[in-house]
Each structure stands twice: as C-alpha cells, then as structure tokens.
1. Out of the range 118-144, which residues are assigned to a loop (DSSP other than H, G, I, E, B) and among the basic types (Lys, Arg)?
2. In the range 49-75, how many residues are part of a helix (DSSP H, G or I), within 18 Å of VAL21 (Cβ to Cβ) and modelled with pLDDT under 80?
3. Does the range 150-169 hold any residues that are of a type in the set (Ser, Thr, Tyr) and at pLDDT below 75, and which are they?
4. Could you tell me which of the residues ALA113, ALA36 is surrounded by 15 or more Cβ atoms within 10 Å (Cβ to Cβ), at pLDDT 80 or above, touching a helix residue (DSSP H, G or I) at 6+ places or on another chain (Cβ under 7 Å) and not in a helix (DSSP H, G or I)?
5. When the residues of the range 76-91 are narrowed to those that are charged (D, E, K, R) and surrounded by fewer than 14 Cβ atoms within 10 Å (Cβ to Cβ), which ends up modelled with the highest pLDDT?
Amino acid sequence: MVSTTSREQLLTELYKSMFPVVAKYVARMGGTFDDAKDIFHDALVVYYEKVIAGDFEVSNNKAYLTGIAKHLWFKKFNQQTELKSIDDNSFDIADEADEQPSTKKILHYLQTAGKRCMDLLSAFYYDKLAMRDVAEKFGYAGERSVTVQKYKCLEKVRETVKQQSLEYADFVE
C-alpha cells in the first residue's frame, strides 16, 4: 500500500508536469483556462480512483493521465457543441417566413455574370440537368469543363456581391 505522503507527492508531481500539457491541448481545441482546470481535475480523480482500486497497471502515468484528459475534453466538447447548435439555431418560424429573399434581386445579380452563365446556371439548378447533359447542350468537352465554367460563373456573381458589400438583408424584400 502506498503511503499518503507518497500519494500526495505523486499527485503534486503529476499536476506540475501534466497540467500545462493538458491546458495547452484544451486551449488548442477551443477551451478556456477554466475548462482546462476542470478537465484536469476530473482526469486526476479518475486516475486516482483507478490507482486506489488497483484495477490496472500503467507503465506510463503521464500518458495515461493525458489520455483520460483528452477523452474527458472530447466528451465535454461534443456535449457543448450539441447544446450550442440547438441553442444558436433557435429561431422564430414566423420571422423566417416573412424574410424570404427577393427573386428579382437575386436574379439581377445573377444576370451580372452574363447570358451564357445565366443559361448554364439555369440548366443546372432550375432544369436540374446532369453535368453530362449540360456539357452536350452547351458544347463543352466534358463534365469537368462544365464544372469549371459553373464555378467561374458563380465566382462572377460572388465578386459582384462582394464589391458592393451586400449582405443577406439586401436580398430581402
């Protein structure tokens, strides 16, 4: 059995040597200093309980403790992400229905790309033609050529929107 003094020394040594490693990991993963402290303390408790119970034999205490901390952080991060995605995406359905983008305004900016781009984008998005069919219709060498041209057309529209510093609200009637 390990004495209380040697346990305290082991925990103190682990804290001094491993907390900075865990704190750096948590910070890299988007956590705060308080998150790092919470995770590390929880990891120490789990580690200590395993050692006291004698359930396992570890050849590298530091690696095992780091693994526990990373696992705990991963669990906490996933829980926060799930809660955040639900909370951040809360919206009022009535507001959503009231603010639909104006077809006229969107069409105006799409037309800035030119007639050929409008025809190509219309065939792909509106007529739902496959890339192979669009290539045949417009005389392109293949699907890859259509993909590149479609990208260029969309980039023209994006550039126009960016130059005019437009935001979503500018497209809503």
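The values are calculated or read from the model by the stated rules, or taken from the named source; none is laboratory data. This is a predicted model, so every value here is computed, not measured. So basically every Cβ, Gly included, is an ideal-geometry build from the backbone, and we count neighbours across all protein chains shown.
1. LYS128, the sole residue that qualifies.
2. 2
3. SER165, TYR168
4. ALA113
5. Residues of the range 76-91 charged (D, E, K, R): 76, 82, 84, 87-88.
Checking the rest, the ones that are also surrounded by fewer than 14 Cβ atoms within 10 Å (Cβ to Cβ) come to 82, 84, 87-88.
Values: GLU82: 57, LYS84: 54, ASP87: 51, ASP88: 52.
So the residue we want is GLU82.
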